[in-house]
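Down below is the structure, laid out as structure tokens.
The values are calculated or read from the model by the stated rules, or taken from the named source; none is laboratory data. These numbers were taken from a predicted model, which means no experiment stands behind them. Cβ placement follows ideal geometry from the backbone for every residue including glycine, while neighbour counts extend to all protein chains displayed. What goes into the accessible areas is simple: the full protein's heavy atoms, side chains included, and nothing from ligands, DNA or RNA. Shrake-Rupley method; radii C 1.70, N 1.55, O 1.52, S 1.80 Å.
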Amino acid sequence: MYKILKKEQLTPLIFSMVVEAPRIARSAKPGQFLIVRTGDMGERVPLTICDFDREKGTVRIVIQIAGVSSNKICSLNEGDSLTDITGPLGKPSDFMEFTPDKIKSLRYLFVAGGVGAAPVYPQAKYLHSLGAKVDVIIGARNKDLIIMEEEMRKVCTNLFICTDDGSKGEKGNVTVLMERLYAQGNKYDMCVAIGPMIMMKFATLMAKKCNLPIIVSLNTLMVDGTGMCGACRVSVGGKTMFACVDGPEFNGYDVDFDEALRRQTLYRKEEQQADAEAGLDFLVRK
Amino acid sequence: MANKIDRVPVREQDPKVRATNFEEVCYGYNAEEAMLEASRCLNCKNPRCVASCPVGIKIPNFIAEVFKGDFNKAFEIISEDSSLPAICGRVCPQETQCEGSCILGVKGQPVSIGKLERFVADHHRENSDGQKPVESPQSNGHKVAVIGSGPSGLACASDLAKMGYSVTIFESLHKAGGVLTYGIPEFRLPKKKVVEKELQSLFDLGVKIETNVFVGLTVTIDDLLNKEGFKAVFVGTGAGLPLFLNIPGENLNGVFSANEYLTRNNLMQAFDQKSDTPIFHAKRVCVVGGGNVAMDAARTALRLGADVTIIYRRSEKELPARAEEVHHAKEEGVKFQLLTNPTKVIGDENGWVKGVECIRMELGEPDESGRRSPQPVAGSEFVIDTDALIVALGTKINRLIADTTPNLETDKKGRLVTSGETATSRAGVFAGGDVVTGAATVILAMGEGRRAAKAIDRYIKERY
């Protein structure tokens, strides 16, 4: 069992938990993810790793209530335990293989959509700590979905915030800010976009327009997360890849986002029904 | 013995009833039936059945004890060679192994060896509940890590524990059992009644298990050997990665690997209303493949309410599934499109499966495997309307262990190369089961695990 040591509510729907998981804390690297399960009949839910403390043996997860399973996880409190956590899963970010000298010379632009700020954080933190120049855009529908602003500010050079409705930061979505940074003459060696699939699709289109290489982290459907089921398959450069073991990070230019978006809707009917039964039908599912 | 009666039939759930539930199909023999069936054994001087059992169970000897009614003795005899008899009695392909070589099969029906094995194991389990488990052996102080809790890992762990080793199994999923848990459905291999009990008897021997450890990522083999004090490691990680057809439309909504479909249903219990894991409910389902996994997927879909068709490129004779599974599938109403191969998955305007285009096949010359190789019949394309396509074409090896363990030799297919008795190219690292042989059977994997246990024992005794 994996004890929840600390729980914080970041926004009405988003929670942060620090959980005891020594093995994962010891081996987690930026870019990887984990799978959480709660209860005997619980679903395996892939979640990003927001932070880890190797000495204390803890990992931090940030989770948004998006359905029955995430709601069950979010309803646990400090002192409770998660039934299972598996990880770290997937490949670490490419830059984990770069030398410190190389990293020092690089300039990164991170684009985080909503709860996507959580997995961006350890990446920005790592690069920033080694002297890379790091700019971060956090965008969301409204101010209630903007998270980790203060922490992020400490691990980047410039932080930009935007909301669709203008309730916080600039009005508009992340691509507007991307375009402006480009127009202002900012040059980046790499852009990394993490957030809802649809956001990553448009961030990639904008990156293309700005002639900027882009990495995206795919949040596909998954069951085991170890390469066994193929639920997470995605076309990348015309080839079928498994997001869980070949990814989750891929070159955005190569990803067939329309297929990925379609595949995410596979269990929409079942999910909506389960949401309704659990009184969660206020949740918006695209 | 040598009673010249017909094979004693085994009681089964009515096909119409069982097609709507996940209860076990076969009820097995009771004591009386088992003793009667045992009376048919000729007790051959040179028993061909033993020679064709991958682990060499002394079949006539245990059957003789069943005949006498000494079921405990029969269990002891089986246990000398097999550690999972309740499972193997249910899932072994007996018709190509023990029963396939039974002399009685030449003119009539072979002794029902699998059902007798199952009876002995079930009888033992049902009558040993509450009894004190076998005393844990004297510990020899050496730690051995077993990676994977499928058949090979369980067999290896069990033998090592009996020799006094301190064994820890590392399992990547949240539940132990490997394919026995995620792959083979409840109606063929009950989880609570059989699999979990067999696992419990292992834990009673002192074997420890750490679930949620994906070796290669959570911890490496080198960590286990150098930092965690394990003297040797057994790799029994199986062949887990699903193969797909590589035809157009394979990523349409409604195409699944059999692994995914079965994992959702078996490991995640999606058939149960109380499960949080969804499974795709389709009116019509096609399953591609002719092995046991294809039969399992088809019969699962049937139980979830679908009209099911199996598509297989060779003819009935070549179906690699156990004869009993094919027979059961047919009884339950699964349809077969034989000598047929899918060429394209057809989607509707929103990208959901609505059909599968197939081509008829004919059998040509025998290929390397000795089976006649199927050739497409030009111009014979036709479409089967379906809402889902489940691909059960086999599996390949996950390269994670090889990629994260320096100097661990693999072949072109990613299988770990072993020499002598299950030793890999790395000192202290042993391997067996599907990760070495490619996808095979429970009994073969189990046999490999047992061989590895002996090799590990020798290795550790020589060095420490």
For this session: Might you let me know whether the range B:132-149 holds any residue that is in contact (Cβ under 8 Å) with a residue 24 or more places away in the chain and closer than 30 Å to B:Lys68 by Cα?
Result: yes
Exercise. Could you give every pair whose Cβ atoms fall below 9 Å, whose first residue belongs to the range A:270-281 and is within 11 Å of another protein chain (Cβ to nearest Cβ), and whose second residue is in a helix (DSSP H, G or I) and open to solvent by 40 Å² or more (accessible area, probe 1.4 Å), counting only separations of at least 6 or pairs across chains?
Worked result: A:Ala278/A:Asn71; A:Ala278/A:Lys72
For this session: Go through the residues of the range A:148-166 one by one and say whether even a single one is open to solvent by less than 20 Å² (accessible area, probe 1.4 Å), touching a residue at least 24 places away in the same chain (Cβ under 8 Å) and among the acidic types (Asp, Glu).
Result: no
For this session: May I ask you to list the residues in the range A:57-92 that are open to solvent by 10 Å² or more (accessible area, probe 1.4 Å) and not polar (S, T, N, Q)?
Result: A:Arg60, A:Ile65, A:Ala66, A:Val68, A:Lys72, A:Leu76, A:Glu78, A:Gly79, A:Asp80, A:Asp84, A:Lys91, A:Pro92
Problem set entry | Selection within the range A:11-25 - more than 14 Å from every other protein chain (Cβ to nearest Cβ) and within 12 Å of A:Ile61 (Cα to Cα) | A:Ile14, A:Phe15, A:Ser16, A:Met17, A:Val18
Exercise. Would you pick out the residues in the range A:38-72 that are part of a loop (DSSP other than H, G, I, E, B) and more than 8 Å from every other protein chain (Cβ to nearest Cβ)?
Worked result: A:Thr38, A:Asp40, A:Ile49, A:Cys50, A:Arg54, A:Glu55, A:Lys56, A:Gly57, A:Ile65, A:Ala66, A:Gly67
For this session: Find the residue count for the range B:159-181, including only residues that are more than 14 Å from chain A (Cβ to nearest Cβ) and open to solvent by less than 10 Å² (accessible area, probe 1.4 Å).
Result: 6
Exercise. Given the conditions (1) surrounded by fewer than 22 Cβ atoms within 10 Å (Cβ to Cβ); (2) outside any helix (DSSP H, G or I), which single one is not true for A:Tyr182?
Worked result: (2)
Problem set entry | Residue satisfying condition, being open to solvent by less than 10 Å² (accessible area, probe 1.4 Å), out of contact with any strand residue (DSSP E or B) (no Cβ under 6 Å at 6 or more places or on another chain) and more than 14 Å from chain A (Cβ to nearest Cβ), within set B:Ile443, B:Ile456 | B:Ile443
Exercise. In the set B:Asn72, B:Asn46, which member is surrounded by fewer than 18 Cβ atoms within 10 Å (Cβ to Cβ), assigned to a helix (DSSP H, G or I) and either out of contact with any Asp or Glu (no Cβ under 9 Å at 6 or more places or on another chain) or in contact (Cβ under 8 Å) with a residue 24 or more places away in the chain (or both)?
Worked result: B:Asn72
Problem set entry | Subset of the range A:228-265 (residues that are surrounded by 22 or more Cβ atoms within 10 Å (Cβ to Cβ), assigned to a loop (DSSP other than H, G, I, E, B) and either among the polar types (S, T, N, Q) or within 11 Å of another protein chain (Cβ to nearest Cβ) (or both)) | A:Met228, A:Cys229, A:Gly230, A:Ala231, A:Cys232
For this session: With the checklist (1) within 17 Å of B:Ile390 (Cα to Cα); (2) modelled with pLDDT of 95 or more in hand, flag the one item B:Ala321 doesn't pass.
Result: (2)
Exercise. What helices (runs of 4 or more DSSP H), lying completely within the range B:182-294, carry at least 1 residues that are facing chain A (nearest Cβ under 9 Å) and closer than 23 Å to B:Ile147 by Cα?
Worked result: B:221-226, B:258-265
Exercise. Looking at this structure, is B:Phe22 among the aromatic types (Phe, Trp, Tyr) and not in a loop (DSSP other than H, G, I, E, B)?
Worked result: no
For this session: Tell me, please, whether a residue that is assigned to a helix (DSSP H, G or I) and within 26 Å of the chain's Cα centre (by Cα) can be found in the range B:132-145.
Result: no
